[in-house]
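The values are calculated or read from the model by the stated rules, or taken from the named source; none is laboratory data. Given the structure is predicted, the values throughout are model-derived calculations rather than measurements. Cβ atoms come from the backbone with ideal geometry, glycine included; neighbour counts cover every protein chain shown. Areas reflect the complete protein model, heavy atoms only, side chains present, ligands, DNA and RNA absent. Shrake-Rupley method; radii C 1.70, N 1.55, O 1.52, S 1.80 Å.
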Amino acid sequence: MSNPVVSIVTNKGRFRFELYTEKAPITAANFIGLAESGFYDGLTFHRYEPGFVIQGGDPQGDGTGGSEKTIQLEIHPDLRHVEGAVGMARSQDPNSASCQFYVTLAPAHFLDESYAVFGKVTEGMDVVRSLRAGDRMEKVTIER
């Protein structure tokens with residue numbers, strides 16, 4: 001059975017990423033539940049760090065918001081912060097991830113073992129590279 005794929009249609013185009021449901025089941029299930037409820041539709045990418053990450057999924061739009069629940073930090077030794085890795089943002093509390101996620105624009109191995117990687121971009125990395133703070137997620141869907 002293949003992993004589900006997330007499709008994110010943005011105002012700059014579409015990108016897709018594979019979810020690692022076997023190696024990051026808690027994090028992937030949390031993302032799937034939020035996406036299927038329509039939580040991400042219309043939200044923005046609020047953070048862009050050149051050569052590092054684009055981050056979004058905050059209902060407040062400023063990096064301070066979350067969903068109604070948090071999940072525990074889920075690290076798998078095979079999942080690393082390579083270019084195009086999709087990970088969960090969190091506060092200083094390792095078990096505070098909620099809904100905000102990021103895509104790495106270059107390898108960021110200093111995040112390994114501290115932040116949960118739960119997917120990787122498989123299509124549209126050029127779209128990801130073009131995103132900036134304020135760009136919008138128009139529709140987020142799960143392809144099974």
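Overview of results
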item: Per-region count, the stretch 123-140, residues farther than 23 Å from PRO50 by Cβ and surrounded by fewer than 18 Cβ atoms within 10 Å (Cβ to Cβ); result: 2
item: Residue list for the stretch 1-34, restricted to those being closer than 17 Å to VAL117 by Cα, open to solvent by 30 Å² or more (accessible area, probe 1.4 Å), in contact with a strand residue (DSSP E or B) (Cβ under 9 Å, 6 or more places away or on another chain) and part of a loop (DSSP other than H, G, I, E, B); result: ASN3, TYR20, THR21, LYS23
item: Answer from SER91, SER96, SER67 - the residue that is more than 13 Å from the chain's Cα centre (by Cα) and loosely packed, with under 15 Cβ neighbours inside 10 Å; result: SER91
item: So LYS69, is it touching a strand residue (DSSP E or B) at 6+ places or on another chain (Cβ under 9 Å) and either in a loop (DSSP other than H, G, I, E, B) or at pLDDT below 95 (or both); result: no
item: Residues of the stretch 106-122 satisfying the condition of being surrounded by 17 or more Cβ atoms within 10 Å (Cβ to Cβ) and not in a strand (DSSP E or B); result: ALA108, LEU111, ASP112, TYR115, ALA116
item: Unique match (being part of a strand (DSSP E or B) and modelled with pLDDT of 95 or more) among VAL127, VAL103, VAL82; result: VAL103
